[in-house]
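Report on the following structure.
The values are calculated or read from the model by the stated rules, or taken from the named source; none is laboratory data. Predicted model only: the values in this text are computed from it and were never measured. Quick reminder, even Gly has a Cβ in these numbers, built from the backbone with ideal geometry, and neighbours come from all protein chains shown. Protein only, heavy atoms only, side chains kept; ligands, DNA and RNA dropped before computing areas. Shrake-Rupley method; radii C 1.70, N 1.55, O 1.52, S 1.80 Å.
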Amino acid sequence: MPRRPFKPLPLPERMVDTDPALAECVAHLAAHHLIGFDTEFVGEDTFRPELCLIQVSTAERLYLIDPYAVSSLAPFWALLHDSARTVIAHAGREEVRMCRFQSGAPPANLFDTQIAAGLIGLTYPISYAGLVQIVLGTRLNKGDTLSDWRRRPLSASQVRYAYDDVRYLIPAYERLSAKLERYSRTGWATEEFAGFVKWTSGEDAAVERWRKVKGSGALNRRELAVLRSVFAWRLGVAERQDRPARSVMRDDVLLEVCKRGAKTPDELSSLRGIPPREFENVQRAVREANRIPQAELPEKLESEQDPPQVAVLGSLLTVVLNDVCDRLKLAQSLVCSQQDLKDLVRSRQPGGRMPADSPFLEGWRKTDVLPHLERVLEGGLAVRVHNPKTTAPLEYIEIVDEVEPGTQ
């Protein structure tokens, strides 16, 4: 992508480990509308990740902010809430979550370079090192990924790694933005960033986190109700005690609670893995789920056995989507999953409907990608191999239904 390797300017690097240094940093950031943003954290031992370091950049300076050494980060978080300022991150899920945890709200105007890369046809998801190499032609050393960022003082290699994590964000933003503008996808990107922040912040009503428990697809509707109830209990305990949710109760134990508890809460008495002091609370959560009327139980998302055409047509749409994305210079994995394509096929079966969280229900996927898939699925376009030697080997042929004589 780059015509020549990017050579970063030797920007001043500042360690922020006092309140006066933080005040100077905030004043500098306030004068700039582009801010590169990254964090280092440790998340293995607590419900919410422990913030260990903040890295920020402007076109003129790089900063490392030590959260252990300053009295309040409120002035810094307030800058990120200003919609006139663009906050640039790469794969910024944890940055969005950290901002919300620390300040009550996510960044107001996020630009995620990983998402932007997918919208111009690069691999999605792409690593930060991969992005910098492809977009800027620069190789990064990522040797301190698993460092313990709580320890002080930071090592020289940690400091270099931390500065490099934001050194290239603004240059990458500038090149990615230019590509998005050239492809007329700035609006697509804005839409994706907003959806990403909403999903990451847990504000998307279509995202039901309890359904993500591995093995939940095999549960019946009553067992799903128990899962939803006990999952909420586990999350509450984990948050109150500031510990990882799975350390309160493992997922395999949670699933067994659902299977036994859907029969009767007394079935739980012989099950290992339930915290003794929480046993009555678990039973209470199970009883509440068992009192839900049958008509109000959560629905199973998938049929237990799809008709054979779902797999066949899902595979066909996968081929078509790959071809469409290649022509549009889009990362296929950013558009949708294989499951989303199957859901699209299922929605065309008798009594079928699209799930509430389908990516095809709104935005650019609905207006620019879905129509092509629908026309193939409904027989309006035929697909054939045009030239297997080219990078775009498929060809689409319009199907026009013949009108019988005398019917017009």
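Taking one quarter of the surface of the convex hull spanned by the alpha-carbon atoms of the range 310-396 gives a direction-averaged projected area of 5.7 nm².
Give me the mean projected area, in nm² to one decimal, of the convex hull enclosing the Cα positions of the range 63-111. Mind showing how you got there, number by number?
On the way: hull surface 14.2 nm².
If you wrap the Cα atoms of the range 63-111 in a convex hull and average its projections, you get 3.6 nm².
Each Lys and Arg adds +1 at its Cβ and each Asp and Glu adds -1 at its Cβ; summed about the Cα centre, the range 133-246 shows a dipole of about 460 debye.
Computed over Cα pairs, the Kirkwood radius of the range 1-115 leads via Stokes-Einstein (1.567 mPa s, 4 °C) to a diffusion coefficient of 88 µm² per second. With q set to 0.14, 0.15, 0.23 Å⁻¹, the log10 of I(q)/I(0) for the range 254-323, from the Debye formula over equal scatterers at the Cα positions, is -0.62, -0.65, -1.01. Backbone amide hydrogens, once placed in the peptide plane, bring Gly137 within less than 5 Å of Phe6, excluding anything fewer than 5 places away on its chain. Each principal axis of the Cα atoms in the range 285-346 has its own extent, and those three values, largest first, are 53, 26, 14 angstrom. Note on Arg211: accessible area approximately 50 square angstrom, rounded to 10, probe 1.4 Å, nucleic acids and ligands left out.
Annotation note: GluC sites (Glu not before Pro) in the range 351-404 located in DSSP loop regions with a Cβ neighbour count of at most 16 within 10 Å are Glu362, Glu378, Glu402.
Might you report the magnitude of the Cβ-based charge dipole of the chain about its Cα centre, with Lys and Arg at +1 and Asp and Glu at -1, to the nearest 20 debye?
Details: 54 positive and 56 negative charges, 138 e Å.
Roughly 660 debye, rounded to the nearest 20.
Between Arg246 and Arg48, the modelled label-to-label distance comes to 2.2 nm, taking each label 7 Å out from Cα in the direction of the beta carbon.
The P(r) of the range 185-300 has a tail past 18 Å containing 54 percent of all C-alpha pairs.
Derived from the Cα gyration tensor, the three semi-axes of the equivalent ellipsoid of the range 89-216 are 25, 23, 14 Å, largest first.
Based on every Cα atom in the chain, Rg and the maximum pairwise Cα distance Dmax equal 25.4, 88 Å. Which of Leu394, Leu361, Cys336 sits farthest toward the positive end of the charge dipole of the range 332-407, with +1 on the Cβ of Lys and Arg and -1 on the Cβ of Asp and Glu? About the Cα centre, the residue reaching furthest to the positive side is Cys336. Glu296 to Ala69: FRET efficiency via 1/(1 + (r/R0)^6), r the Cβ-Cβ distance, R0 45 Å, to the nearest 0.05? Step by step, r from the Cβ atoms, then E = 0.30.
Selection among Trp149, Ser201, Val230 by position relative to the dipole of the range 86-241 gives Val230 as farthest towards the positive end (Cβ unit charges, Cα centre).
Couplings 3J(HN,Hα) of the range 351-365, computed from phi: x, x, 8, 6, x, 5, 9, 5, x, 8, 7, 7, x, 5, 5 Hz, in residue order, whole Hz [Karplus 6.51 cos²θ - 1.76 cosθ + 1.60, θ = phi - 60°; x for Gly and Pro].
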